[in-house]
Each structure stands twice: as C-alpha cells, then as structure tokens.
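The values are calculated or read from the model by the stated rules, or taken from the named source; none is laboratory data. Not measured: the values here are computed from a predicted model. Here the Cβ positions follow ideal geometry from the backbone for every residue, glycine too, while neighbour counts run over all protein chains shown. Keep in mind that these areas ignore ligands, DNA and RNA; they rest on the heavy atoms of the full protein, side chains included. Shrake-Rupley method; radii C 1.70, N 1.55, O 1.52, S 1.80 Å.
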Amino acid sequence: DSLKEPSLLPGRFPNLLVNGANGIAVGFATCIPTHNLGETIDACIALMDNPDMSLEELMEIIPAPDFPTGGYIVNNDELKKAFETGRGRIINRAKTQIEPLRNGKSQIVITEMPYQVNKAQMLAKIQQMCQEKKGTLKAFSQISDIRDESDRMGLRAVIEVKKDADPAQVLNALFKHTDMQQTIGVNMVVIADGKPKCLGII
C-alpha cells in the first residue's frame with residue numbers, strides 16, 4: 001500500500017452490460033444479462049449527448065437484453081422494473097413455428113433456444129414426459145414424434161403433433177412444463193464507489 005493504484009480501468013466498450021456477469025462473491029450475488037453490442041454503444045452515446053434521458057427513451061435504443069442463443073424475450077412490466085431498479089425477472093422463450101404436414105398433421109419447429117438450455121437434455125425430457133404423463137397432461141399425449149434435425153446450417157428440433165391435435169395447445173404446454181421457456185432472474189449488483197450496489201441500467 002505504498003503506491004496508489006487505479007480502482008477503475010478504462011474500457012473500449014461497456015463490457016459489463018455486453019458480456020453480462022453471473023456469480024457470488026463476499027456474500028453478494030449478481031446476475032447481469034447480456035446485451036446487444038451495437039444497441040449498448042448507441043445507448044452510451046445517446047446518454048453522453050443527453051444525460052437526463054429517461055428510461056423510456058433509453059429502452060427505445062435497448063428494448064431488452066440480447067442472449068447469444070437467441071429466443072424471444074416476453075415483454076412485460078418485469079422487464080422495465082429490472083432496467084429501472086436492477087432487480088426483476090425476464091422470460092426467455094424458444095423461437096418456434098408451427099408447420100403443416102401433408103397428412104393433416106402438423107409439427108412444432110424450434111430454431112432458437114432459451115439462454116443456457118441444453119437442447120439434447122430438453123428433448124430427452126420432453127420424450128420422458130410424453131411417456132410418463134399421458135394420463136395427467138393431455139397435451140403431451142398429442143405428441144407423436146420428436147426429432148433433432150440440426151445440422152451445420154443451424155439448430156432445428158421438430159416435435160410432431162398427432163392429426164386431430166391442436167398444435168398451439170401443445171406448444172403452450174411445452175412452454176409451461178419444459179425448458180422451452182426460462183425465467184431468468186436479474187440482480188444487477190456492481191461495485192460502485194468502492195461498494196456493492198444494485199443499480200438500474202442507466
């Protein structure tokens with residue numbers, strides 16, 4: 001402690017928001033979701049031009065976190081609360097589409113996964129639920145086949161639905177009971193002025 005050292009080092013971009021952070025140290029937990037690089041830098045420039053910018057104006061530039069595996073973020077009051085206070089929950093859903101088949105059947109195609117969800121484990125769990133819960137969960141008894149058609153062109157998992165089934169009902173059951181929908185807790189604790197603080201996005 002005979003010399004002074006910097007407590008902050010300059011960065012070329014807002015690394016904490018772009019890469020996110022997750023962990024526990026000295027009794028404090030933090031969970032900062034990842035954000036889009038271009039949107040985050042645009043927001044920083046906008047804040048430099050207008051330091052009194054409101055959260056609503058900022059959310060026009062950064063509407064939500066941006067996860068590397070894609071998927072949809074369900075926009076609700078919790079998202080704004082997380083950006084405002086630093087605490088909240090974000091719902092991240094798999095990107096899906098329903099495709100009709102020739103024989104009157106249809107299939108649910110998954111092309112993007114929620115953050116940190118293992119595709120193979122998720123499909124295996126759906127397969128297991130189809131075998132176990134045929135009596136209790138009617139929607140799972142409507143699934144006739146589960147296939148992983150992913151290749152070097154990208155992710156593609158297929159859940160084939162029986163002829164007379166409602167694919168939208170099956171999809172809602174999948175979101176509710178499997179990892180196709182994840183709730184991600186946001187707790188943006190950072191070291192500010194030498195102390196751990198929970199801060200909003202601004």
*What number of residues within region 64-89 are in contact with a Pro (Cβ under 8 Å, 6 or more places away or on another chain) and outside any loop (DSSP other than H, G, I, E, B)?*
1
*What tally of residues in region 90-117 results from selecting those that are surrounded by fewer than 17 Cβ atoms within 10 Å (Cβ to Cβ), in contact (Cβ under 8 Å) with a residue 24 or more places away in the chain and not in a strand (DSSP E or B)?*
4
*Could you pull out the residue among 29, 25 that is closer than 22 Å to residue 196 by Cα, more than 18 Å from the chain's Cα centre (by Cα), open to solvent by less than 90 Å² (accessible area, probe 1.4 Å) and without any contact (Cβ under 8 Å) to a residue 12 or more places away in the chain?*
25
_Of all residues in region 73-129 being under 30 Å from residue 54 (Cα atoms) and β-branched (Val, Ile, Thr), the one that is modelled with the highest pLDDT_ = 85
*Could you list, in sequence order, the residues of region 118-127 that are surrounded by 11 or more Cβ atoms within 10 Å (Cβ to Cβ) and not aliphatic (A, V, I, L, M)?*
118, 119, 125, 127
*Working only within region 139-173, note down all residues that are more than 17 Å from residue 108 (Cα to Cα) and either among the basic types (Lys, Arg) or surrounded by 15 or more Cβ atoms within 10 Å (Cβ to Cβ) (or both).*
152
_Suppose we keep only residues that are β-branched (Val, Ile, Thr) and without any contact (Cβ under 8 Å) to a residue 40 or more places away in the chain within region 145-202. Which one would you say is nearest to residue 54 (Cα to Cα)?_
191
*Restricting the first residue to region 54-66 and requiring it to be buried (at least 18 other Cβ atoms within 10 Å of the Cβ), which pairs with a second residue that is of a type in the set (Phe, Trp, Tyr) meet a Cβ separation below 9 Å and a spacing of at least six or different chains?*
58/83; 62/83; 64/83; 65/115
*How many residues are exposed (fewer than 14 other Cβ atoms within 10 Å of the Cβ) and assigned to a loop (DSSP other than H, G, I, E, B) if we restrict to region 185-198?*
2
